[in-house]
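Take a look at this one; I'll ask things after.
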Amino acid sequence: MINAQTSLIHLDLAVGILLAVIYVSLLLLEQKWPLRKRTRPMLMRAVINLTMTAMVYVIASIMISPVAHYLVGTTQGTRFGFVPLISSNTLLQFALGFLLLDVTFYYWHRLNHVIPLLWRFHNVHHIDPDLDVTTSMRFHIVEIAYSSIFRLVQLALIGTNPITFFCYTFFFQANTFFQHSNIKLPIGFERVINKIIVTPRMHGIHHSNYRGETNRNYGVVFSFWDRLHKTMKLNVPQHSITIGVFAYLRHSDNQFINLLLMPFKKQRQYWLVDGEDHKDRSIASVGTKRHQLSE
């Protein structure tokens, strides 16, 4: 038992180091090959975003990780949850569990945009005026706290085994870093991999300050959930995207204290521009092929 626990600790440490390497590598690569031009000084944004990231990991380690590990351990070896009821085949359980974890995160992400109370907190992530790997874990701590309830329901209903949970958690985190990064990949290569996974250009559209674009591209790991649910939007050139939420583009909105207090204050009308809804851009400013990534 002690050896198993020690091995798990070593494995968690190794994965943590690998994720840190991925994070730093993406941070360096986006300085060399940026996809979008930066609008604000990098240093101050990085300090704020990394501080919020540290807070996220502390809250997650206290509220989410224990819940997740408890449920995964409890359902192991039982017929509790959807996946064990469907099949006892290990490979099928892995594939089904992985897909169900990802599609439920798609729904959870979408709910955070649809339900006004949840959006108040999720908006803290979206009002970052630039999008890069430091944005990837910039979330309000209250959003992370109530996400533990979602994790409780998600894992209990799915009945994920430890291997599936461990692998999905790694890919979830790694692709969260990747899709938020500001790396300019060769367009042909990105179009190919975007058939399967969410990529920087696709997720950049999700962080646009147009409501009709922010409320698209909800996928976390796999991009095909957006295709299946008809929430995919790809034909927006990156140079035409303004990152953020229109009503929260002031410099003061992205000060650390203001970010913490913002969800508890009266909300501005997020998408109004001179009394008109900032919903969709003109047809002339988007690509002709709706379901293909633009430069």
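Every number in this text was worked out from the coordinates using simple rules, so none of it is lab data. Only a predicted model underlies this, so the values are computations on that prediction, with no experimental measurement involved. Positions of Cβ are backbone-derived with ideal geometry, glycine not excepted, and every protein chain shown enters the neighbour counts.
Tell me which residues come under 5 Å, amide H to amide H, from residue 183 once H is placed; ignore anything under 5 positions away on its chain.
Those qualifying (amide H under 5 Å, at least 5 residues apart or on another chain) are 35.
How high is the FRET efficiency between residue 258 and residue 14 when r is their beta carbon distance and R₀ equals 45 Å, given to the nearest 0.05?
0.75
If you build the Cα gyration tensor of region 153-295 and take the root of 5 times each eigenvalue, what three semi-axes come out, in whole angstrom, biggest first?
28, 23, 14
Hey, if you put +1 on the Cβ of every Lys and Arg and -1 on every Asp and Glu Cβ in the chain, which of 33, 242, 153 ends up farthest toward the positive end of that dipole?
Projecting each Cα onto the dipole axis, the largest value belongs to 242.
Same structure again: Along Cα→Cβ, 7 Å out, is where each label goes; now give me the distance between the ones at residue 117 and residue 65 in nm to one decimal.
Calculated label separation equals 2.9 nm.
Continuing with this model, one more query. For helix 90-114, report the angle its Cα long axis makes with the longest principal axis of the Cα atoms of the chain; keep it between 0 and 90° and round to the nearest 10°.
Once rounded, one gets 40 degrees.
Test of understanding: in a Gaussian network model of the chain with alpha carbons linked when under 10 Å, which of 244, 188, 204 would top the mean-square fluctuation ranking?
188
If you don't mind, another one. How much mean residue ellipticity at 222 nm does the chain get from its helices, if each DSSP H run of length 4 or more adds -39500 (n - 2.57) and you divide by all residues, to the nearest 500 deg cm²/dmol?
Taking each H run of at least 4 residues, the total per residue is -18000 deg cm²/dmol.
At 37 °C and a viscosity of 0.692 mPa s, what translational diffusion coefficient does Stokes-Einstein give for the chain, taking Rh as the Kirkwood radius over Cα pairs? Give it in µm²/s as a whole number.
D = 163 µm²/s.
Right, another one. Just want to confirm a number: the relative contact order over the chain, from Cα pairs under 8 angstrom separated by 6+ residues, in percent.
Rounded, it is 23 percent for the chain.
Among the listed pairs 184/289; 230/266; 233/265; 195/289; 32/230; 32/233, which are separated by more than 25 Å between their Cα atoms?
Checking Cα-Cα distances, 230/266; 233/265; 32/230; 32/233 exceed 25 Å.
Using the beta-carbon distance between residue 58 and residue 21 and R0 = 25 Å, what value does 1/(1 + (r/R0)^6) give for FRET efficiency, to the nearest 0.05?
Calculated transfer efficiency: 0.70.
Taking Cα atoms, how many degrees apart are the long axis of helix 162-180 and the longest axis of the chain, rounded to 10 and kept between 0 and 90?
With rounding to tens, the tilt is 10 degrees.
Output the peptides 119-132, 263-276 sorted from most to least packed, where packing is the average of other Cβ atoms within 10 Å over each peptide's residues.
119-132, 263-276
Which of 281, 211, 151 moves the most in a Gaussian network model of the chain with Cα springs under 10 Å?
Comparing 281, 211, 151 in a Gaussian network model of the chain, the most mobile one is 281.
What length, rounded to one decimal in nm, is gained on full extension from residue 227 through to residue 280, with 0.36 nm per residue of separation minus their alpha-carbon distance?
Stretched fully, the residue 227-residue 280 segment lengthens by 17.1 nm.
Here's something else I'd like to know. What is the calculated FRET efficiency for residue 273 to residue 85, with r their C-beta to C-beta distance and R₀ = 41 Å, to the nearest 0.05?
0.25
Sticking with this structure for a sec: In debye, nearest 20: dipole of the chain around its Cα centre with unit charges on the Cβ of K, R (+) and D, E (-)?
Around 540 debye, computed over the chain.
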